[in-house]
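Structure record follows, encoded as structure tokens.
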């Protein structure tokens, strides 16, 4: 995947993470005050510390979504974003556009879900 497309997906993932956190923190005055303060390193540290503590209190589904977005951002930095974790083939741009934190191509995802279904039976 070229650098332009990677930047596009990084922007999408970052915006989705920010949107998710913003939705979860509406009305949280401490979070909002730290987020808006622009005095530098000490505030950055305080903000990230508070954000970490806040994330610890989220329910499992919310945590998983943020973790998936963070993992996708780490894959971009590592140069592995857009490659299927099962077959190593490129995940289609259409799939990544629809689900930017995808880790599997459609074919492997289908196989994975079928295995999961069989385990439950």
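The values are calculated or read from the model by the stated rules, or taken from the named source; none is laboratory data. These numbers were taken from a predicted model, which means no experiment stands behind them. Here the Cβ positions follow ideal geometry from the backbone for every residue, glycine too, while neighbour counts run over all protein chains shown.
Do we find that residue 71 is surrounded by 13 or more Cβ atoms within 10 Å (Cβ to Cβ), at pLDDT 95 or above and on the phi < 0 side of the Ramachandran plot in this structure? Before the answer, list the steps.
Details: surrounded by 13 or more Cβ atoms within 10 Å (Cβ to Cβ): yes; at pLDDT 95 or above: yes; on the phi < 0 side of the Ramachandran plot: yes.
It is true that residue 71 is surrounded by 13 or more Cβ atoms within 10 Å (Cβ to Cβ), at pLDDT 95 or above and on the phi < 0 side of the Ramachandran plot.
Across segment 69-102, the qualifying residues are those that are in a loop (DSSP other than H, G, I, E, B) and touching a strand residue (DSSP E or B) at 6+ places or on another chain (Cβ under 9 Å), and the one among them that is farthest from residue 14 (Cα to Cα) is 89. Scan segment 26-42 and tell me whether some residue there is modelled with pLDDT of 70 or more and assigned to a loop (DSSP other than H, G, I, E, B). Among the residues of segment 26-42, not one is modelled with pLDDT of 70 or more and assigned to a loop (DSSP other than H, G, I, E, B), which makes the answer no.
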